[in-house]
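The values are calculated or read from the model by the stated rules, or taken from the named source; none is laboratory data. Fair warning: this is a prediction, and the values are worked out from it, not measured in the lab. Every residue, glycine among them, receives a Cβ derived from its backbone with ideal geometry; neighbour counts consider all protein chains shown. Surface areas here come from the heavy atoms of the whole protein model, side chains and all, with no ligands, DNA or RNA. Shrake-Rupley method; radii C 1.70, N 1.55, O 1.52, S 1.80 Å.
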Amino acid sequence: MKIIRLSSCTDPCDGMMLIADSAWHPDRRPYFVPDFEAVCELRVAVRISRLGKAISPKFAHRYYDSVTVVWLTTPLDPALDTPAMAAADDTVVTGANIACDSLPLRMHIDAPAPMDVTVAPDSAEIDLMLSKLSRRITFKTGDLIILPEPLARFTPCAGKSCHVTAPGHEQPIIEFNIK
């Protein structure tokens, strides 16, 4: 599984970072505050649903079937946000998959301050971004592309928790304690 973090959708190859699969942290398992000064963001990620290379923008929507919300940990100091840091363990927590046909979706975030957001990624923008990336990358089922715009941004604090819920979903999208 590849995890790709984007810094721009218009030019996805510029500033793209490949995150190690060891960075993936299962939801509902405690998250431990890292030993470096960190900032955490909740972002939308697109889940790839089939094998593809050199994908035409016209057919790109066939290559992803769902989105999810991810908790992404990065260093507070941008100078430390390097490819070596992208290999740090437990820096990406993935939530439950949300079918694209159920978007836009209103979510309640309680991590650590409560807020409501609407998740409505632009499908045309995702199609173009996926097409551009697929010129260089072969996508496989289960790969994640983390979109650049954060839904929320905060400093992780021990003793708090992260809960992201949505109406109509029996289980929380993301739920874990911060230790």
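Which of the aspartates and glutamates could a cross-linker span from LYS2 if the Cα-Cα distance has to be under 12 Å and same-chain partners fewer than 8 positions apart are dropped?
Qualifying aspartates and glutamates at Cα under 12 Å: ASP21, ASP143.
Under a 10 Å cutoff between Cα atoms, tell me which one of LEU128, LEU147, LEU80 has the largest fluctuation in the Gaussian network model of the chain.
The residue that fluctuates most here is LEU80.
Here are several values of Rg and Dmax of the Cα atoms in Å: (i) 17.8, 62; (ii) 15.4, 41; (iii) 15.6, 47. Which one was derived from the coordinates shown?
Working out Rg and Dmax of the Cα atoms in Å from the coordinates points to (iii).
Can you compute the modelled spin-label distance between ARG135 and GLU149, with each label point 7 Å from Cα toward Cβ, in nm?
Computed distance between label sites ARG135 and GLU149 equals 2.4 nm.
If you stretched the chain out fully between HIS61 and MET115, how much longer would it get, using 0.36 nm times the residue separation minus the C-alpha to C-alpha distance?
Fully extending the segment from HIS61 to MET115 adds 16.4 nm.
Computed FRET efficiency, Cβ-Cβ of ARG28 and ALA124, R0 30 Å: what is it to the nearest 0.05?
Here the calculated transfer efficiency is 0.35.
Nearest 0.05, what FRET efficiency do ASP90 and LEU18 give at R0 = 30 Å with Cβ-Cβ as r?
0.95
Can you tell which of GLY142, GLY52, GLY168 shows the greatest fluctuation in a Gaussian network model of the chain with Cα springs below 10 Å?
GLY168
Expressed as an acute angle from 0 to 90° and rounded to the nearest 10, what is the orientation of the C-alpha long axis of helix 123-133 relative to the principal long axis of the chain?
80
Go ahead and run the numbers for FRET between SER161 and THR10, Cβ-Cβ distance against an R0 of 30 Å, rounding to 0.05.
The formula returns an efficiency of 0.30 here.
Would you check the range 27-179 for Lys pairs whose C-alpha atoms are within less than 21 Å, ignoring same-chain pairs closer than 8 in sequence, and give me the count?
Close lysine pairs under the 21 Å cut-off: 6.
Going by Cα centres, the range 1-61 and the range 101-179 are how many Å apart?
The range 1-61 and the range 101-179 have Cα centres separated by 10 Å.
Multiplying the sequence separation of LYS53 and MET1 by 0.36 nm and subtracting their Cα-Cα distance, what value in nm do you get?
Taking 0.36 nm per residue and subtracting the Cα distance, the gain is 17.2 nm.
Looking at PHE139, LEU105, LEU76, which one has the Cα that reaches farthest to the positive end of the dipole of the chain (charges on Cβ: Lys, Arg +1; Asp, Glu -1)?
My answer, from the dipole projection, is PHE139.
Using the heavy atoms of the protein chains and a 1.4 angstrom probe, tell me the accessible area per residue for the chain in square angstrom.
Solvent-accessible surface per residue comes out at 49 Å².
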